[in-house]
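Engineer: Shown below is the structure under consideration.
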Number of protein chains: 2
Amino acid sequence: MSEQPKASATAAAAVAAAPTPATSKAAAPAIPLEYSRRVVLKTIFESGDGGLRLVGQRVVIGGWVKSAKENRKEPVAPPPAQVVPSTHKSGPKDVSCTEILQSRIPLIRSFIKIFGGSNYSVSEKLEPAVAPMPPPSSVAFLQVSDGSSPASLQVVVDSSITILSQLLPTGTCIVAEGELKQSSAEGKHAIELKVEKVLHIGSVEPDKYPLSKKRVPLNLLRDCPHFRPRTTTVASVMRIRSALTFAAHIFSQNHGFLCVQVPVITTTDSEGFSEKFTITAVLEEEEIVSLEGVKTAIREKRKIVEDLQRTDSNKEALDVAKQDLEKTTELASQMEARERISKSKSSLKADNKRPQEFFSRQAHLTVSGRLHLESHACSLGNVYAFGPRFSASRVESPKHVAEMWTVEIEMAFSQLEDAMKCAEDFFKFLCKWVLEKCSADMQFVLKRIDKSSINRLQSVISSSFERITYAQALEVTDKKVETKLEWGTAFTTEHLSCLADEIYKKPVIIYNYPKQVKQFYVRLNDDGQTVAAFDMVVPKVGTLISGSQNEERFNMLNGRIKELGLVGEEYEWYLDLRRHGTVKHAGFSFGFDLMVLFATGLVDVRDVIPFPRTHGKISN
Amino acid sequence: MSEQPKASATAAAAVAAAPTPATSKAAAPAIPLEYSRRVVLKTIFESGDGGLRLVGQRVVIGGWVKSAKENRKEPVAPPPAQVVPSTHKSGPKDVSCTEILQSRIPLIRSFIKIFGGSNYSVSEKLEPAVAPMPPPSSVAFLQVSDGSSPASLQVVVDSSITILSQLLPTGTCIVAEGELKQSSAEGKHAIELKVEKVLHIGSVEPDKYPLSKKRVPLNLLRDCPHFRPRTTTVASVMRIRSALTFAAHIFSQNHGFLCVQVPVITTTDSEGFSEKFTITAVLEEEEIVSLEGVKTAIREKRKIVEDLQRTDSNKEALDVAKQDLEKTTELASQMEARERISKSKSSLKADNKRPQEFFSRQAHLTVSGRLHLESHACSLGNVYAFGPRFSASRVESPKHVAEMWTVEIEMAFSQLEDAMKCAEDFFKFLCKWVLEKCSADMQFVLKRIDKSSINRLQSVISSSFERITYAQALEVTDKKVETKLEWGTAFTTEHLSCLADEIYKKPVIIYNYPKQVKQFYVRLNDDGQTVAAFDMVVPKVGTLISGSQNEERFNMLNGRIKELGLVGEEYEWYLDLRRHGTVKHAGFSFGFDLMVLFATGLVDVRDVIPFPRTHGKISN
């Protein structure tokens, strides 16, 4: 039992692992960190002083180099005038170098004090060099990010510590220990890390690494989804996405909604006639050649090689035979390894010989979770789901990929207006949350992606959304939009943009749609022509939320299923909810990925989804 | 614009829609409610007084009848002695009846005061009857639940208000308005709702409805996943599940982990050789008969019918022809309906004729999100995912179905111990959360499912988990377990149960597994034989968490992929993470559904997953 690793002790080592505890200057308390052996950079920057309160702290940090430069120095020796940084107009002054000189060559310290400018304090804390070293020939300034915040830390490494060239390529991972100092440069950094020990270097192969110091366009980044969160833009988007995820749960749970994990695998087509992915479970192919067979082959082939060697006949034939033997031996060892794994799982192994399909009926990936969610609303009251939804549509659209995350809300004892109100509150809550919790990232978005992003979010929070019927929407757009629509057809993106971006300039809720443009389960209004559905159309993005009061009357729903020629059997369980204890209920689907577009001002969902899946494209 | 529905006004109507505002007695403020037109029952019960503070409030409630009884009365008329409730020993007294008499027959009120017992106050607030009514002949006592809490509300309906028989079947939905009164019964209810107006009845077909007043065994309930959350047990489980979902996000986000939605559709087999579901996108079959063709057929068939009618020939032949025409007409109308829907979506319609597969490579449902998550850890630091994971294993096991939700955590700059510490904290946090936030449900679980549930959770919170190596675990179990294991084989459930339930009686973390029993990506220890993997085994459930420090060294990982004969191409992107900026990292997978088992004491995951998917079984 003495083997127990001491997690807390090792983790704590990342802060103040200082071998010299006599840091009388240490102003701030130790920075908390958990489960990772370094100080998260966000905790350095977050208090608004850029980290100045932490000057003097010894920390371990880790991250990836975003950009770097190396400043070569003349060989340093007296006369001291040479030491004074005078060659750089902007750019960081070579303080680190002078600091090292201070500590290592006490004799010239006084000279430096005279010539070295005023905005850095003399470090008293560096350990005396263990062994005499050659004077430093260069210093690297690394901009290092660990993905916790849009800001990067300037990390200063002296060539006396490590070979600098290996640190410079963009994408290099570095874990380093050192002291936080006030930055000498006039630039954006308040503090920098003076590295004393490099603990880890994860190098890159620069010719193969897809990212560089320069900005890579977003469409090119899509080819390397596993690396693109290392860019400041995608990292900011991912942090905003994460905050929005949390906000969706907080809103729902705080309003008493219960989270229900509706199934991804389903036999129910929630939309009626949607393009779906079908699921099959292919049984592992039986090994065509058995391991025993391969071993026999090896023996035979070895015999051939030995024969050829003995007869010393044809050199070429021998090589071919040898290669053949090698290949077969490799195959055998792979098969053995696989068999070991199989055996180790043997306690779980079942009869794998049955040729039938996995499920008794054809199953596919869910298009929408609303129908399944309804069943829980009609038991538990207010419920929500948050998960991936799928569409096999081959349409290329910047607002659509095959796998998208959706928040669905369903409420029993509720009607259309309740759902519209809830959708509005939900959307406003998320906007507010992003502004409050992601201010650094939103500032970055404002500067680098979309100047109107913060305004757009603020205006949503303060505005009262427009509510108009389908008929009204048709009327007001008719004068403005080129494509004229007949009553009973769906709006085009042109119409929606006209409403949200031009006419009302705020979110617009369109309701009471003609029944033919909405799903079979939406409740028929008393006019017999329109249904209790709504879409929330928002500026820049289009339809963000689609909702409805669903048909609670058995005969109406059953009639609609028949009218459309849907496969009745598929919906029997759904009809059951009307057969037994039916009640009015309403809900909506919220396009989560589109919300990330709305918040960031980006225009293509492929840039806000970690691994987007589109027609023809998949590589990981 | 005047058509705008007033959501807030209609919602507010559920509380205090009282037509008589002169309720001087109203003790408590209006109960908040949002988005649904009724007071959520939980808000009535939650303050611990059973709702007594709300006596006198007029509310609208909605829910489903769990059980009901109807008490028939003798025709009520003077002499007043007959009115005094004396026939029921236990069971609710027929207060409602006497109350109605009080308000309607003021002359007998004084008699009732004398005989009517002491524990109810005389209501002064009922409206005078609009029209004279026949004396009530019976009263229904409904136990109504709306799924918000394990408690149900006693709802008292007089037969003068509605036909009681329609309310009595279990599963009936009722929305009713009335006044909350102190309960007259000595039973479990502190208050009850005296109904004044029934707003909605959703009846059931009792012979077809699968639930009844009596408890239906869980295994039978699995056949109706769309109704079973109406049972108190499954509803409690679903509320606990929802709370655990929230807790998982709260722990992660509060510790600075970013949520990443890793893909469900993938080409990467994260386990090496797992049984997977394959995805195909079947293009919608082209309509074999065109609508035009059907219309021609209709014309022809109509002509035949007319001909037959004119010639007045064969009665039978006419009937057949008529039926045939009818069928074809129905087909045409279905096709028209579908076409309308297609047209309405025309702005999104693409070229649907391409026969090729949807994705360029064979895609399947993800087995684990850890590899994809790693890519984001190696950019963003600490990340987590929470989503469905899939296995096409045909093994029947109470701990396994085809689709299960998993929390995955991945941390850069971290090692095995960090992951073990984080897993322990995560698990403890969830246990604590359930005890704090689900106390009513946990009390129900304690009473009806598992007496040890609360103790089990408390003991996790207070215990320090045992940590032993695989070798140690092998040693200590060897003496106790019948099945002897060789070093290098996986533990059976027997071994795991021996460790967690018998020897240590608390969660046990087993680490340093032989490499052959763990995934290819786990980091090889210096001994060359074991890997930096761990399992957390917990009492009653078995392995709840599996984690590892993953191989950050390119050559080691690449070698392992080759050694096992995995398809190298599939893992190129994953190897990239070691090619460029590699770093030590660790993480784990947390079996969310198993956590619900652990909290509730249930033994089969099919009972805690909303719509479980198992081999051969799917129906919705």
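Engineer: Chains A and B: what accessible area do they bury, summed, in square angstrom to the nearest 100, with a 1.4 Å probe?
Structural biologist: 13800
Engineer: Now for a different question. Excluding ligands and nucleic acids, what accessible area in Å² is computed for A:Val567 using a 1.4 Å probe, to the nearest 10?
Structural biologist: 90
Engineer: Using a 1.4 Å probe and ignoring any ligands, DNA or RNA, find the accessible area of A:Ile161 and quote it in Å² to the nearest 10.
Structural biologist: 60
Engineer: Here's something else I'd like to know. Looking only at other chains, what is the average number of their beta-carbon atoms within 10 angstrom of each beta-carbon in A:401-414?
Structural biologist: Across the residues of A:401-414, the mean count of other-chain Cβ atoms within 10 Å is 4.
Engineer: In segment B:376-406, which trypsin sites (Lys or Arg not before Pro) are in a loop and have at most 13 other Cβ atoms within 10 Å, using DSSP for the loop call?
Structural biologist: none
Engineer: Can you give me the solvent accessible area of B:His400 with a 1.4 Å probe, rounded to the nearest 10 Å²?
Structural biologist: Answer for B:His400: close to 40 Å² accessible.
Engineer: Which single residue of chain A puts its beta carbon nearest to the axis of rotation relating A to B, and what distance, in whole Å, does that give?
Structural biologist: A:His249, 3
Engineer: Give the nm distances, rounded to one decimal, from A:Lys505 to the matching residue in every other copy, measuring between label points 7 Å along Cα toward the beta carbon; shortest first.
Structural biologist: So the label point of A:Lys505 gives 7.2 nm to the other copies.
Engineer: DSSP loop chymotrypsin sites (Phe, Trp or Tyr not before Pro) in segment B:392-493 with at most 16 other Cβ atoms within 10 Å of their Cβ, which ones?
Structural biologist: Here the chymotrypsin sites (Phe, Trp or Tyr not before Pro) that fit, given the DSSP loop and packing criteria, are B:Trp487.
Engineer: Counting only C-alpha contacts under 8 Å and six or more residues apart, can you give the relative contact order of segment A:159-224 as a whole percent?
Structural biologist: Relative contact order for segment A:159-224 comes out at 35 percent.
Engineer: Between copies, how far apart are the A:Ser459 label points? List them in nm, one decimal, shortest first, with each point 7 Å from Cα toward Cβ, please?
Structural biologist: Reported distances to equivalent positions: 6.1 nm.
Engineer: Inter-copy label distances at A:Thr493, 7 Å along the Cα→beta-carbon direction, one decimal in nm, shortest first?
Structural biologist: Here A:Thr493 shows inter-copy label distances of 5.2 nm.
Engineer: Distance in nm between label sites at A:Ser333 and B:Ile461, each 7 Å beyond Cα in the beta-carbon direction?
Structural biologist: 5.4
Engineer: From the P(r) of segment B:545-612, could you give the percentage of C-alpha pairs in the tail past 18 Å?
Structural biologist: 57
Engineer: Could you rank B:Met404, B:Met238 by how accessible they are, 1.4 Å probe, largest area first?
Structural biologist: Sorted descending by solvent-accessible area, the residues read B:Met404, B:Met238.
Engineer: Let me ask you something else. Given a 1.4 Å probe and heavy atoms of the protein chains only, how would you sort B:Arg215, B:Arg302, B:Arg606, largest accessible area at the top?
Structural biologist: B:Arg215, B:Arg302, B:Arg606
Engineer: Calculate the all-directions average of the projected area of segment A:463-618's alpha-carbon convex hull, and give it in nm².
Structural biologist: Averaged projected area of segment A:463-618's Cα convex hull equals 11.9 nm².
Engineer: As an exercise, identify the GluC sites (Glu not before Pro) in segment B:423-487 lying in DSSP coil whose Cβ has no more than 10 other Cβ atoms within 10 Å.
Structural biologist: Sites meeting the loop and neighbour criteria: B:Glu482, B:Glu486.
Engineer: What FRET efficiency comes out for the pair A:Glu482/A:Arg448, r = Cβ-Cβ distance, R0 = 30 Å, nearest 0.05?
Structural biologist: 0.30
Engineer: Answer with one residue from A:Ala532, A:Ser452, A:Ala473: the one whose Cα lies farthest towards the positive end of the charge dipole of segment A:450-535, charges on Cβ with Lys, Arg +1 and Asp, Glu -1.
Structural biologist: A:Ser452
Engineer: Continuing with this model, one more query. Summing Lys, Arg as +1 and Asp, Glu as -1, what charge do residues with Cβ under 10 Å from the Cβ of B:Ile240 carry, B:Ile240 excluded?
Structural biologist: +2
The values are calculated or read from the model by the stated rules, or taken from the named source; none is laboratory data. Since we're looking at a predicted model, the values are computed, not measured. Here Cβ is always computed from backbone atoms with ideal geometry, including for glycine, and neighbour counts include all displayed protein chains. Side chains included, ligands, DNA and RNA excluded: accessible areas come from the protein's heavy atoms. Shrake-Rupley method; radii C 1.70, N 1.55, O 1.52, S 1.80 Å.
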